[in-house]
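Notes to accompany the following structure.
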Amino acid sequence: MSEQASWKFTPTHFALGVLLILAIAAPLAFGSYHHYLASLCLINIIIAIGLNLLTGNAGQISICHSSFMAIGAYGTTYLVSKVGLSFWVALPMGGIIAAMFGLALGFPALRLRGFYLAVVTLGFLEMSQLLITELPSITGGVRGMPASRPALFGYTLASDLSFYYVILAITLLAIWCAYSIINSPTGRAFDAIRNSESVAQTLAMPLSRVKLIAFMLAAFFAGIGGGLFASLVGFIDPLEFGLWTSVRYIIIIVVGGLGSIVGSVVGAVALTVLPELLRDFKEYNELVFGVLLLAFLILIPHGLVSVVPRIRQRLSGKTNSQPAISKHGAGV
């Protein structure tokens, strides 16, 4: 029997369908602020998925994810405002430009790992911050750069609701692409390298090529997210792309679940909404995020996505100490 003929409708498919319907219909009942917040959640999902492919699946540490986001934001906005390209052409080009920088950064990863790779990526982040301030003709320098909303079929997406649906479509496409990558030979190579580079090498896997692909994919996703973020906010502030932003995305994938697409989604939504709930304690946001990171690393190392399988396991009376997670770390 073929794979297509053996496909069955499962409760998971039903839950995904319900979530999709809610994502489409629920915003109609809310106001502009909620549309903006929902759009921000979707953008963070795209960026977190890219970082999770690099760190959660391929096992490569990066502390400069916000730099790729900045490259996508400035690249997209510059191509639209200064070159005159359509936003729908400039957005993927901004992602490609970010991917090229990811390729360049990936070369040190061929020889470095762990702490030393983290230092290199941190250096790249500092260099990108310096270039933003030293190239005011391109980036606007420390004063930032205005970004406009795109038009679709002659209609400017001025309202947050209309732009939300466009971002939703792009996010769904990003999730589908990530899922396809994870279930491809490239995704399996990512997992092999994360588990053991020496074993992967004995299996004749091209480690150098796979690592470079991982950095390029992460940078591309971040670049797309950065371009969408600039248009959503309407202004590019260079302070948005510092070290704390990179750390925040690391916390998102750890809290959600390393190596998991679902974990990227859950973590991005939870940690985008959380600061809004703690708005009265804004000065303590970094402390709260830091405590969350430590708590999840110690108590729930597989992230939120592992909680439901663990509860099912206990309810079913299984005694296996390991949660029922997928081969990708904490679920697809």
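Things worth noting here:
- Sorted peptide list for 107-120, 43-56, criterion being average Cβ within 10 angstrom, highest first: 43-56, 107-120
- A crude spin-label estimate for the pair Tyr179 and Ile96, with each label 7 Å from Cα along the Cβ direction, gives 2.7 nm.
- Full extension of the chain between Glu286 and Glu134 yields a length gain of 51.9 nm, computed as 0.36 nm times the residue separation minus the alpha carbon distance.
- Computed from the Cβ-Cβ distance with R0 of 25 Å, the FRET efficiency linking Ile298 to Glu276 stands at 0.45.
- Span-like helix ranges in the chain, DSSP H, alpha carbon extent 30 angstrom or more, Kyte mean at least -1.0: 87-109, 160-182, 207-233
- Net length gained if the chain between Ala151 and Arg111 were fully extended (0.36 nm per residue, minus Cα distance): 9.9 nm
- Taking a point 7 Å from the Cα of His34 along the Cα-to-Cβ direction, the residues of the stretch 259-303 with backbone N closer than 18 Å to it are 269-270, 272-278.
- Working from Cα pairs under 8 Å separated by at least six residues, relative contact order for the chain is 29 percent.
- Placing a label point 7 Å from the Cα of Ser208 along the Cα-to-Cβ direction, the residues of the stretch 104-122 whose backbone N falls under 15 Å of that point are 104-112.
- The calculated FRET efficiency for the pair Leu315 and Ser198, based on their C-beta separation and a Förster distance of 30 Å, comes to about 0.15.
- For Ile236, the residues whose modelled amide H falls within less than 5 Å of its own, excluding neighbours fewer than 5 places apart on the same chain, are Met145, Ala147.
- At 1.567 mPa s and 4 °C, Stokes D of the chain from Kirkwood alpha-carbon radius, µm² per second: 63
- For peptides 21-32, 58-69, sequence by mean Cβ density within 10 Å, most packed first: 58-69, 21-32
- Charge context of Leu110, other residues only, Cβ under 14 angstrom, K/R +1, D/E -1: +3
- Each helix, a run of at least 4 DSSP H residues, gives -39500 (n - 2.57); summed and divided by the residues of the chain, these come to -21500 deg cm²/dmol at 222 nm.
- Computed over the stretch 162-260, the alpha-carbon pair-distance distribution with 10 angstrom bins reads 12, 36, 34, 14, 3, 0, each value a whole percent.
- Positive contributions from Lys and Arg (+1) and negative ones from Asp and Glu (-1), summed over other residues with Cβ under 14 Å from the Cβ of Glu197, come out at +4.
We did not get these values from a lab; they are worked out from the coordinates using the rules stated. Please read these numbers as outputs of a predicted model, since none were measured by experiment. Don't worry about glycine lacking a Cβ; one is built from the backbone with ideal geometry, like all the others, and counts go over all protein chains shown.
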